[in-house]
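Visitor: First the structure, which I've put down as structure tokens, then a few questions once you've had a look.
No lab work stands behind these numbers, since they all come straight from the coordinates. Treat the numbers as computed from the prediction; the structure is a model and nothing was measured. Positions of Cβ are generated from backbone atoms using ideal geometry, with glycine treated the same way; all protein chains shown enter the neighbour counts.
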Protein chains: 2
Amino acid sequence: MAVLWHCQGVTDTRTAGAVRQGSLRELNLAVVLRRIAATDRPPSRAEIAADTGLTRATVSAVVDDLIAGRLVTEADPAPRTGAGRPARGLLLGDTGPAGLGLEVNVDYLAACVVDLTGAVRHHEVRRVDLRPLSPADALTDLVALARRARTAADDAGLGLAGAALAVPGLVDARGLVRLAPNLGWRDVDVPALLAGHPALTDPVDGVPPLVVENEANLAALGELHARPGGPQSFLHVSGEIGIGAGIVLDGALFRGSRGWSGELGHVPVDPGGPTCRCGARGCLETYAGQEAVLAAAGLAGVDLPADTAARRLADLACSGDPAALDALHAAGTALGVAVSGVVNLLDLDTVVLGGGYATLAQWLCPPVLAELDARVLTSGWSPVTVRPAALGAESAAVGGAGAVVRRIIARPSGWLSRPG
Amino acid sequence: MAVLWHCQGVTDTRTAGAVRQGSLRELNLAVVLRRIAATDRPPSRAEIAADTGLTRATVSAVVDDLIAGRLVTEADPAPRTGAGRPARGLLLGDTGPAGLGLEVNVDYLAACVVDLTGAVRHHEVRRVDLRPLSPADALTDLVALARRARTAADDAGLGLAGAALAVPGLVDARGLVRLAPNLGWRDVDVPALLAGHPALTDPVDGVPPLVVENEANLAALGELHARPGGPQSFLHVSGEIGIGAGIVLDGALFRGSRGWSGELGHVPVDPGGPTCRCGARGCLETYAGQEAVLAAAGLAGVDLPADTAARRLADLACSGDPAALDALHAAGTALGVAVSGVVNLLDLDTVVLGGGYATLAQWLCPPVLAELDARVLTSGWSPVTVRPAALGAESAAVGGAGAVVRRIIARPSGWLSRPG
């Protein structure tokens with residue numbers, strides 16, 4: 001009962017009593033699929049009935065629908081131990097729907113396919129400096145990767161149920177990229193530019209074919225995807241040419257009033273500091289963005305892809321290069337100042353260093369922790385964990401594809417009622 | 001149907017079908033009371049039945065229970081215009097349950113009573129410098145105010161259904177004040193200290209008699225209470241001797257992982273700046289806390305209550321005093337730097353200046369807006385509104401009492417099933 005009080009409105013939940021027949025089927029499909037997804041040990045139909053309160057007949061009918069839609073498959077039968085047929089456990093299907101994750105970043109394009117079990121089934125990254133390209137040309141190149149991903153999914157017997165595209169910028173609810181400073185994009189209508197290409201995904205009822213989302217947000221979801229048993233609330237910092245953050249609270253992305261949360265790179269570290277690309281002074285990016293760190297390490301003007309730059313810095317630091325060590329210490333200190341502000345405000349107990357920062361975590365963590373220790377009011381009795389991300393540059397694409405898959409598990413009827 | 005998907009767990013909502021009889025009554029009470037609370041025009045029983053889908057007989061029985069419990073009252077009958085008895089509209093009761101709001105701050109104690117309609121029925125503030133007092137003595141003084149508030153409630157025919165106590169510090173889930181730096185409190189077990197006093201409130205099933213909460217959080221709820229039709233997501237900054245913030249998202253307080261969110265006063269503004277009471281350097285409080293602003297205005301060492309200090313500064317600024325104007329401009333600039341970080345991170349479109357800052361808003365707003373304009377990445381197309389709070393120093397106590405009242409409206413059965 002108590003659960004009802006957490007719903008959006010008590011009035012609304014009353015309509016549960018008058019649920020339509022079609023909606024009841026939708027609900028039962030979701031309840032059974034969630035039960036199957038919830039554990040590693042494949043449950044039998046009888047166990048699902050016992051756990052959900054549905055009748056065995058309903059569970060059997062629902063499971064039949066899920067198997068027909070390739071959302072669920074039966075585990076190999078257990079060895080026969082006594083009389084009767086042993087119950088077969090049920091698993092999420094690995095030949096059914098899948099999510100397509102795409103990414104346009106400053107110096108690479110990426111595409112990946114994640115199946116319903118969460119496994120990455122295809123992954124391609126193409127190095128290319130996108131800054132000289134127009135948005136239309138960049139997206140045309142991306143479509144080539146998307147087509148190959150689709151072919152790979154087809155070959156594996158998977159069907160793409162939706163796609164998510166990560167962009168390193170501010171994206172509005174319609175998919176318009178208002179500003180991607182490091183790409184030089186402003187007011188780029190991504191859905192309109194992609195409309196000229198053959199559909200990237202099967203249209204599935206209720207699942208939008210393509211969602212455009214901020215890269216740092218999807219990278220944070222990638223972390224959630226990669227550590228299913230990990231913390232459900234954390235700050236994920238993506239250290240690339242720009243610095244973004246994804247705020248995950250109770251397992252969901254916190255997007256802010258208009259979807260533009262997480263601009264950690266433009267949090268002021270020193271209001272009188274160097275001028276940032278955004279026009280303001282002393283933003284975190286001017287201290288801990290890739291250009292600033294390379295310059296401080298004596299590599300000014302070296303234009304490298306983010307992960308190559310991070311590895312170059314890591315190699316120098318490993319060899320004891322004093323300039324690189326100082327540069328990383330200074331970047332970690334600035335990052336620690338900005339992250340201390342976040343923790344003082346939001347009271348998060350886990351900070352994940354992603355993107356290029358993951359490669360550099362062993363040098364960045366100590367100064368970040370030192371600042372947190374000095375600046376967070378609660379640090380004395382409630383320490384903050386800082387650790388590298390589970391995934392590297394692929395986190396945003398995997399996070400996007402994983403989000404598509406999670407939507408299917410939450411509402412399988414959309415996939416089952418697809419045309420064709 | 002769609003609403004079900006917003007519930008905590010799809011599995012859980014299935015139990016709605018098997019709802020117990022007692023729970024159904026609880027639900028119906030809440031549905032009807034919410035409907036009555038939702039509009040200014042008192043609805044009739046027939047209108048409630050039409051809007052909620054409940055039968056007229058059920059609505060009548062539920063309304064009878066709510067009237068008997070003084071949660072609801074009948075409006076004066078409309079003038080007779082034709083045949084038959086005119087339907088009488090239903091209103092929230094102003095002689096039923098009420099919330100008690102209490103506050104311990106650095107230089108005052110406060111108590112107030114808010115009835116179910118949201119009206120403040122009693123309010124007392126006692127000026128006292130609490131820094132020299134032990135926590136036990138401070139709370140003994142507070143109990144005297146609470147007793148007078150209770151007497152005032154009794155005299156008005158109201159019953160106290162619960163209490164909320166605001167403390168300017170970090171409070172854990174049990175009500176232990178871990179740290180209140182400006183009071184000098186550390187690990188103060190407020191519930192244990194209050195246990196020696198006669199109960200402050202009627203024990204009501206399901207409503208904890210006393211909730212201890214951070215002052216800035218309750219002050220933010222006070223803003224929500226005072227502007228029922230205002231924005232539902234905002235940052236409320238309490239500028240007192242310390243600086244705290246309450247983050248309200250979609251009409252609810254955002255408390256953080258452990259309830260310690262909103263420590264805006266310790267967000268770094270300049271990492272090499274002056275040393276703060278907390279031990280770190282360059283926290284916002286060292287630039288925009290009361291002591292810093294008074295010192296910059298040439299009033300160093302003057303120990304004034306927060307609202308007196310704010311009025312003194314406002315008087316000086318009104319008279320064109322250059323030191324006061326410069327001090328307020330510098331404080332507003334530092335506040336703007338810190339708030340820019342918050343808006344970049346959380347994408348909030350409204351900032352409310354509360355506490356002493358409300359009195360000083362006309363001088364603080366321009367530099368805050370200038371920093372937001374320069375530092376918030378989205379400011380070009382999505383401006384942030386900065387305005388003074390609706391309530392002054394009373395906001396935390398009113399917000400606490402209002403939260404008690406909102407809990408009763410969400411779950412009236414707790415009040416109706418109280419013993420005695």
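Visitor: Rank A:Ser238, A:Ser257, A:Ser382 by mean-square fluctuation in a GNM of chain A with C-alpha springs under 10 angstrom and give only the top-ranked residue.
Guide: Largest GNM mean-square fluctuation: A:Ser257.
Visitor: Where does each of A:26-34, B:304-312 land if you order them by average Cβ count within 10 Å, highest first?
Guide: The most tightly packed comes first, giving A:26-34, B:304-312.
Visitor: Would you mind computing, in nm to one decimal, how far apart the modelled labels at B:Arg131 and B:Val302 are, each placed 7 Å from Cα along Cα→Cβ?
Guide: The modelled label-to-label distance comes out at 1.6 nm.
Visitor: Which listed residue (A:Leu294, A:Pro383, A:Ala192) has the Cα farthest towards the positive end of the charge dipole for chain A, taking +1 on Lys and Arg C-beta and -1 on Asp and Glu C-beta about the Cα centre?
Guide: Highest projection toward the positive end goes to A:Ala192.
Visitor: Give, rounded to the nearest 20 debye, the magnitude of the charge dipole that chain A has about its Cα centre when Lys and Arg contribute +1 at Cβ and Asp and Glu contribute -1 at Cβ.
Guide: 1360 debye
Visitor: Need one value for B:26-33: mean number of C-beta atoms belonging to other chains within 10 Å of its residues' C-beta atoms.
Guide: Per residue, the average neighbour count from other chains is 4.
Visitor: Another question about this same structure. What is chain A's relative contact order, in percent, from Cα pairs under 8 angstrom and six or more apart in sequence?
Guide: After rounding, I find 17 percent.
Visitor: In addition: Pick out, from B:Leu176, B:Ala334, B:Trp363, the residue whose Cα sits farthest towards the positive end of the charge dipole of the protein assembly as shown, with +1 on the Cβ of Lys and Arg and -1 on the Cβ of Asp and Glu.
Guide: Of B:Leu176, B:Ala334, B:Trp363, it is B:Leu176.
Visitor: Another question about this same structure. Helix B:135-155: angle to the longest alpha-carbon principal axis of chain B, degrees 0 to 90, nearest 10?
Guide: 40 degrees
Visitor: Okay, next question. I'd like the orientation of helix A:21-38 relative to chain A: the angle between its Cα long axis and the longest Cα principal axis, in ° from 0 to 90, rounded to 10.
Guide: Helix A:21-38 sits at roughly 60 degrees to that axis.
Visitor: Could you state the number of Å between the C-alpha centres of region B:208-244 and region B:319-367?
Guide: Each part's Cα centre sits 18 Å from the other's.
Visitor: Would you calculate the separation in nanometres between label points at B:Ile67 and A:Thr95, each defined as 7 Å from the Cα along the Cα-to-beta-carbon direction?
Guide: The two pseudo-label positions are separated by 6.8 nm.
Visitor: In nm to one decimal, list the spacings between the A:Asp129 label point and its equivalents in the other copies, with label points set 7 Å along Cα to Cβ, shortest first.
Guide: Distances between equivalent label points, in nm: 6.5.
Visitor: May I pose another question? As an exercise, use a Förster radius of 51 Å and the Cβ-Cβ distance of A:Glu74 and B:Arg311 to find the FRET efficiency, rounded to the nearest 0.05.
Guide: 0.10
Visitor: At 222 nm, what helix-only mean residue ellipticity would chain A give, in deg cm²/dmol to the nearest 500, using -39500 (n - 2.57) for each DSSP H run of four or more?
Guide: The helix contribution divided over chain A gives -12500 deg cm²/dmol.
Visitor: What are the distances, in nm and sorted shortest first, from the label point of B:Glu74 to the label points of the same position in each other copy, with each label point placed 7 Å from Cα along the Cα-to-Cβ direction?
Guide: Copy-to-copy label distances for B:Glu74: 6.6 nm.
Visitor: A further question on this structure: For A:Leu90, what charge total do you get from the other residues with a beta carbon under 14 Å from its beta carbon, if Lys and Arg give +1 and Asp and Glu give -1?
Guide: Overall, the nearby charge balance is -1.
Visitor: Quick check for me: using +1 on Lys/Arg Cβ and -1 on Asp/Glu Cβ, what's the dipole size of the protein assembly as shown about its Cα centre, in debye to the nearest 20?
Guide: 2700 debye
Visitor: Work through the residues other than A:Pro268 whose Cβ is under 13 Å from its Cβ and net out their charges, Lys, Arg +1 and Asp, Glu -1.
Guide: For residues surrounding A:Pro268, the net value is -3.
Visitor: Taking springs between alpha-carbon atoms closer than 10 angstrom, which of B:Leu346, B:Leu145, B:Leu66 fluctuates most in the Gaussian network model of chain B?
Guide: Highest fluctuation of the listed residues: B:Leu346.
Visitor: Moving to a separate point now. For peptide B:378-384, what's the mean number of Cβ atoms from other chains within 10 Å of each residue's Cβ?
Guide: Taking all residues of B:378-384 together, the mean is 4.
Visitor: When each copy gets a label point 7 Å from Cα toward the beta-carbon at B:Thr117, what are the spacings between them in nm, shortest first?
Guide: So the distances to the same position in the other copies read 6.4 nm.
Visitor: What order, most packed first, do the peptides A:333-341, B:122-130 have when packing is the mean number of other Cβ atoms within 10 Å of each residue?
Guide: A:333-341, B:122-130
Visitor: Within 10 Å of each Cβ in B:240-251, how many Cβ atoms from other chains are there, averaged over the peptide?
Guide: 1
Visitor: Could you check which residue among B:Gly272, B:Gly159, B:Gly239 shows the biggest mean-square fluctuation in a GNM of chain B with a 10 Å Cα cutoff?
Guide: B:Gly272
Visitor: For chain A, with the dipole built from +1 on Lys and Arg beta-carbon atoms and -1 on Asp and Glu ones, taken about the Cα centre, which of A:Ile243, A:Cys318, A:Val269 lies farthest toward the positive end?
Guide: Farthest along the dipole direction, towards plus: A:Ile243.
Visitor: Given Cβ point charges of +1 (Lys, Arg) and -1 (Asp, Glu) and nothing else, what value in debye, to the nearest 20, does the dipole of region B:230-389 about its Cα centre take?
Guide: Around 240 debye, computed over region B:230-389.
Visitor: Exposure proxy check: A:Thr58, B:Thr55 ranked by fewest other beta carbons within 10 Å?
Guide: Fewest-to-most Cβ neighbours within 10 Å comes out as B:Thr55, A:Thr58.
Visitor: Then there is this: Full extension from A:Arg148 to A:Ser319: what is 0.36 nm times the residue separation minus their Cα-Cα distance, to one decimal in nm?
Guide: Full extension of this stretch gives 57.5 nm more.
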